[in-house]
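*Asks:* One structure is given below, represented as structure tokens, and several questions about it will come after.
The values are calculated or read from the model by the stated rules, or taken from the named source; none is laboratory data. These numbers come from a predicted model, not from an experiment. Every residue, glycine among them, receives a Cβ derived from its backbone with ideal geometry; neighbour counts consider all protein chains shown.
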Amino acid sequence: MPYRIGVIGCGMYGSRLLRVFYDCSNQKQVKLCAVAEIDPVILDEAVRKYEIAGYSDYIEMIEKEKLDAVAIVTPDHLHEEMAVYCADKGLHMLVQKPLDVTTDGAKRIAQAAQDNEVLLFVDFHKRYDPSLISLRNKVQSGQLGEILYGYLNIEDRIDLPSVHFKSWAHKSTPVWFIGIHMIDVLNWVLGCPPVSVCAVGGKKKLLSMGIDTFDFIQTKLMYENGACITLDTSWVLPDCFPSIVNQNVKLVGTEGIVEIDGQDRGMHVYIGADAGVVENPYGYLIGDNALTKASLSGYTIDSMLHFVKLLGELEQGAGLSGFAGSYTDGFQAVTATRVAEAIHESALDNGKTVAV
């Protein structure tokens, strides 16, 4: 029997996971059973759309549905309690990045998963982006030589913290919400975390709107070999910006340079009277695929499907040890959280250098 799975949280990303798991359920890869969501309107819509059970309390869902696995897609600061509870119940887990917003909390989750011998899959979907896979291969094979310096930016439109996540944006920052992706990318591409960070940030636009959080944080990440990489994160791009996220990567080594325009991938869309948009179909594409029968594709979906694939192998009797290194596990996610925590410590102390 396919593993029974439930989703905790049905917001912007939780709804996408539900859609993916629904497709996989139709293909008998897993059995999508239930969703837990505190907003009754959103919950009712998901229950009707996917014909699954709905709960306002995730604990009640877990107790009643006899699940094998869950996806935790809630605001970042809520992950620890939920993930530790699910691990103690023996449930395999997909947890949205970041694993937690404290190093201690992330460690507790990772340790609980290890102690209970459950799969902890942290959804860092940038690792599935073909351009970043190519970059990693070039760095790890030595084609770029020794990395000297670089620049990454990842920025969101202001409607995310001011509209979609207004109720909890003050408990997060652009580093926790999106910057954590690029922190993990650097750890993964370079094969090591930085040894220290130096960061500054500002609070103006969102604070004027009654949301007490950073508009931006700019960080210098220093590595053992002397390399220095700048990371810009923000979530105050204007509403007129043509896509929700803007992202770019540049790495310079002793033997070459790689630049990745993650924003403008060559697809500009102008339909009707609306302002034009820049689409990234490589990350998220809606449209029935006659070959695979899937209705969603792209690297953000590939990450979710990888979790489903691992569940299928577990259901067939595979052991967790055989998966080592094939996905972002809890302890790798702890490293990303520690770097992000150091960035905030530095930003709150006016750019003091903080060891990682």
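*Asks:* Evaluate segment 308-316: report whether one residue or more is of a type in the set (Lys, Arg) and in the same structural domain as Gly90 (by TED's automatic domain parsing).
*Replies:* yes
*Asks:* Could you list, in sequence order, the residues of segment 2-45 that are in a loop (DSSP other than H, G, I, E, B) and β-branched (Val, Ile, Thr)?
*Replies:* The answer is Val30, Ile38.
*Asks:* If I go through segment 28-44 residue by residue, how many of them are without any contact (Cβ under 8 Å) to a residue 12 or more places away in the chain and among the charged types (D, E, K, R)?
*Replies:* 1
Matching residues to (1) out of contact with any Ser or Thr (no Cβ under 6 Å at 6 or more places or on another chain); (2) assigned by TED's automatic domain parsing to the domain that holds Asp68; (3) modelled with pLDDT of 90 or more:
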residue: Asn246; (1), (2), (3): yes, no, yes
residue: Pro281; (1), (2), (3): yes, no, no
residue: Glu341; (1), (2), (3): no, no, yes
residue: His344; (1), (2), (3): yes, no, yes
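*Asks:* Looking only at residues that are of a type in the set (Ser, Thr, Tyr) and part of a helix (DSSP H, G or I) in segment 100-150, which one is nearest to Gly330 (Cα to Cα)?
*Replies:* That would be Thr103.
*Asks:* Can you tell me which residue within segment 222-274, out of those that are of a type in the set (A, V, I, L, M, F, W, C) and assigned to a loop (DSSP other than H, G, I, E, B), is nearest to Gly191 (Cα to Cα)?
*Replies:* Within segment 222-274, the match that is nearest to Gly191 (Cα to Cα) is Ala227.
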